[in-house]
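Structure, as structure tokens:
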Amino acid sequence: MVESFQTPHFYLTVEADAGELQQTRQQLLPVIESKTGIRLTLTDLIIKIVAKALERNPALNCSFADGSVKLFKRIDIGLVTAVEGGLMVPVIRQANKKSLAEIAQIRAELVQKARTQTLTREEMTGSTFTVSNLGMYDIDQFSAIIQPPEAAILAVGRIADKVVARNGEMVIRPMMNLTLSIDHRVLDGVLGAQFLQSVKNYIENPLNLIL
């Protein structure tokens with residue numbers, strides 16, 4: 001972490017309306033649970049969203065090592081997971097090619113293995129991009145430290161009701177903050193902003209994940 005934090009991080013934050021995302025989860029809950037026995041979580045949806053956003057913004061799916069940049073064709077998402085005594089990052093491979101049911105099942109299995117300290121080395125190495133979600137701990141917003149040699153990490157805050165302006169009127173909507181930490185040696189603000197726009201669009205229009 002010390003080595004990582006010495007790299008030139010910079011941060012971009014976007015706020016998204018999570019109302020449609022919550023409704024989509026509720027609609028899919030019984031479907032996914034009947035197929036897998038696993039409850040679909042918002043984290044599962046975020047993993048799928050990030051994977052699709054990386055397809056649209058492949059420049060973010062890269063690493064920086066030994067002075068050179070490597071772009072990946074595969075999209076393997078690391079998920080920061082709290083375990084006794086620290087953190088582990090199991091990897092969901094080719095997340096962009098997996099259904100939500102598959103992601104939910106794999107996530108549940110990997111998180112359980114992380115918490116029982118039974119992850120294999122293969123299951124926690126080789127991610128191309130990482131997601132850290134602290135929303136379940138009522139954290140509104142935070143900045144995550146990049147996991148080398150990756151070039152970016154997405155920090156996900158909680159969904160909370162806020163008063164926002166819609167069509168000239170004040171309404172209450174479930175909003176969430178997402179903060180992208182970027183290695184400035186590799187990526188610039190425009191690329192990061194375009195990626196966050198894609199993430200925000202999928203959150204606010206989650207049916208696009210299925211269509």
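The values are calculated or read from the model by the stated rules, or taken from the named source; none is laboratory data. Only a predicted model underlies this, so the values are computations on that prediction, with no experimental measurement involved. Because the Cβ atoms are built from the backbone with ideal geometry, glycine has one as well, and the counts that use them run over all protein chains shown. Surface accessibility is based on the protein's heavy atoms, side chains included, excluding ligands, DNA and RNA. Shrake-Rupley method; radii C 1.70, N 1.55, O 1.52, S 1.80 Å.
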Stokes-Einstein D in µm²/s, Kirkwood radius over Cα pairs - the chain at 20 °C with 1.002 mPa s viscosity | 122 µm²/s
If Lys and Arg each add +1 and Asp and Glu each add -1, what is the summed charge of the other residues whose beta carbon sits under 10 Å from the beta carbon of CYS62?
-> -1
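Could you give the Stokes-Einstein D for the range 44-115 in µm² per second, using the C-alpha Kirkwood radius, 25 °C, 0.890 mPa s?
Details: Rh = 13.1 Å.
Result for D is 187 µm²/s.
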Size of the range 120-207 as Cα extents on the principal axes (Å, biggest first) = 50, 30, 26
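When the accessible area of the range 57-136 is computed with all protein chains present and a 1.4 Å probe, what percentage of it is carbon and sulfur? Walk me through the numbers before you get to the answer.
Details: 2110 of 4100 Å².
Summing carbon and sulfur atoms, their accessible area is 52 percent of the total for the range 57-136.
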Summing Lys, Arg as +1 and Asp, Glu as -1, what charge do residues with Cβ under 14 Å from the Cβ of LEU119 carry, LEU119 excluded?
-> +1
Taking only Cα atoms and a 10 Å spring cutoff, compute GNM fluctuations for the chain and point out the largest among LEU28, LEU42, LEU154.
-> LEU28
Counting every Cα pair in the range 114-171, what percent are over 18 Å apart?
-> 58 percent
Nearest-0.05 FRET efficiency for GLU15 and ASN205, computed from C-beta distance (R0 25 Å) | 0.95
With every protein chain kept in place and a 1.4 Å probe, the range 100-211 has an accessible area per residue in Å² of 51 Å²
Kirkwood Rh, Cα Rg: Rg to Rh for the range 86-130?
-> 0.95
How about LYS113: which lysines have a C-alpha closer than 24 Å to its C-alpha, ignoring those fewer than 8 places off in the same chain?
-> LYS35, LYS48, LYS97, LYS98
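At a Förster radius of 35 Å, what calculated FRET efficiency corresponds to the Cβ-Cβ distance of GLN27 and ARG93, to the nearest 0.05? Please report the intermediate quantities before stating the final value.
Details: r = 27 Å, r/R0 = 0.77.
Here the calculated transfer efficiency is 0.85.
Considering all projection directions equally, how large on average is the shadow of the alpha-carbon convex hull of the range 32-72, in square nanometres? Each step should come with its number before you reach the end.
Working: hull surface 16.1 nm².
Projected over every direction and averaged, the Cα hull of the range 32-72 covers 4.0 nm².
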Considering only SER143, SER68, SER198, give the residue with the highest GNM mean-square fluctuation for the chain, with springs between Cα atoms whenever their separation is below 10 Å.
-> SER68
Plugging the Cβ-Cβ distance of ARG74 and HIS184 into 1/(1 + (r/R0)^6) at R0 = 30 Å yields, to the nearest 0.05, a FRET efficiency of 0.80
Whichever lysines have a C-alpha closer than 19 Å to that of LYS162, once near sequence neighbours (fewer than 8 apart) are set aside | LYS200
Expected-Rg normalisation [2.2 N^0.38 Å, Cα atoms] applied to the range 1-77 | 1.48
